[in-house]
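Undergrad: This is the structure, below, for whatever I ask next.
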Amino acid sequence: MEEMNKRFMREVCIVCFLGISSWTDIKKRKISLPLCAGVAATGIFWMIRQNNINWECLVRAGIVCFLTGVSILSRGALGMGDVCLVLALGTVTFLEEFIVSLTAGMLLSAVYSMILLTVFHKSRKTEIPFAPFLLAGYIGGLFL
């Protein structure tokens, strides 16, 4: 029972983190780097405390490095704030949760972008916030 309470509290904290990040991404078009750094530091501390540093950490780090490269090569089409958000999420989630959240978030943002392009005739340069899609992907993953 205590394990379920810990898991529930972890999930609530992650949803709050992604919710706050979504709000600031929508309203201010910015991701709070101090908030991401705090969450990432907490996640790293927790992994060390639980002696849970393994190959899964390398996979998550590899994904974040890949996204950093995409951000640099695309000249900011994927913002570094979004990469920091993904980094923080990667430190506090398990590998399966991380991949499901990230994949679902990217698919949802792609569908939204397609709707903007085809239905509303927006430009390819139209910026959209990524954090709300990451939040939706995480919440959707909780129910799978």
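The values are calculated or read from the model by the stated rules, or taken from the named source; none is laboratory data. Since we're looking at a predicted model, the values are computed, not measured. Cβ coordinates were reconstructed from backbone atoms using ideal geometry, including for glycine residues, and neighbour counts include every protein chain displayed. Keep in mind that these areas ignore ligands, DNA and RNA; they rest on the heavy atoms of the full protein, side chains included. Shrake-Rupley method; radii C 1.70, N 1.55, O 1.52, S 1.80 Å.
Undergrad: Scan Thr24, Thr42 and give me the residue that is open to solvent by less than 40 Å² (accessible area, probe 1.4 Å) and of a type in the set (Val, Ile, Thr).
TA: Thr24
Undergrad: Please find, within the stretch 98-143, the residue that is farthest from Ile26 (Cα to Cα) out of those that are surrounded by fewer than 20 Cβ atoms within 10 Å (Cβ to Cβ) and aromatic (Phe, Trp, Tyr).
TA: Phe143
Undergrad: Report whether or not Ile14 is outside any helix (DSSP H, G or I), under 14 Å from the mean Cα position of the chain (by Cα), of a type outside the set (Lys, Arg) and surrounded by 13 or more Cβ atoms within 10 Å (Cβ to Cβ).
TA: Judged against the criteria, Ile14 is not a match.
Undergrad: Same structure, new question: Give the residues of the stretch 81-97 that are under 16 Å from Cys65 (Cβ atoms) and touching a Leu at 6+ places or on another chain (Cβ under 9 Å), sorted by residue number.
TA: Passing the criteria: Asp82, Val83, Cys84, Leu85, Val86, Leu87, Ala88, Leu89, Gly90.
Undergrad: Arg49 is checked against (1) touching a residue at least 40 places away in the same chain (Cβ under 8 Å); (2) surrounded by fewer than 16 Cβ atoms within 10 Å (Cβ to Cβ) and fails just one. What number does that condition carry?
TA: (1)
Undergrad: May I pose another question? I'm told Leu78 meets every condition in (1) open to solvent by less than 80 Å² (accessible area, probe 1.4 Å); (2) closer than 19 Å to Gly140 by Cα; (3) among the hydrophobic types (A, V, I, L, M, F, W, C) except one. Can you identify the failing condition by its number?
TA: Against the list (1) open to solvent by less than 80 Å² (accessible area, probe 1.4 Å); (2) closer than 19 Å to Gly140 by Cα; (3) among the hydrophobic types (A, V, I, L, M, F, W, C), Leu78 comes up short only on (2).
Undergrad: Residues in the stretch 52-98 that are part of a helix (DSSP H, G or I), polar (S, T, N, Q) and over 14 Å from the mean Cα position of the chain (by Cα): how many?
TA: Total satisfying the criteria: 1.
Undergrad: Which residue pairs have Cβ atoms under 7 Å apart, sit 6 or more places apart or on different chains, and have a first residue in the stretch 55-76 that is more than 18 Å from Glu127 (Cβ to Cβ) and a second that is open to solvent by 50 Å² or more (accessible area, probe 1.4 Å)?
TA: Hits for this filter: Val64/Leu87.
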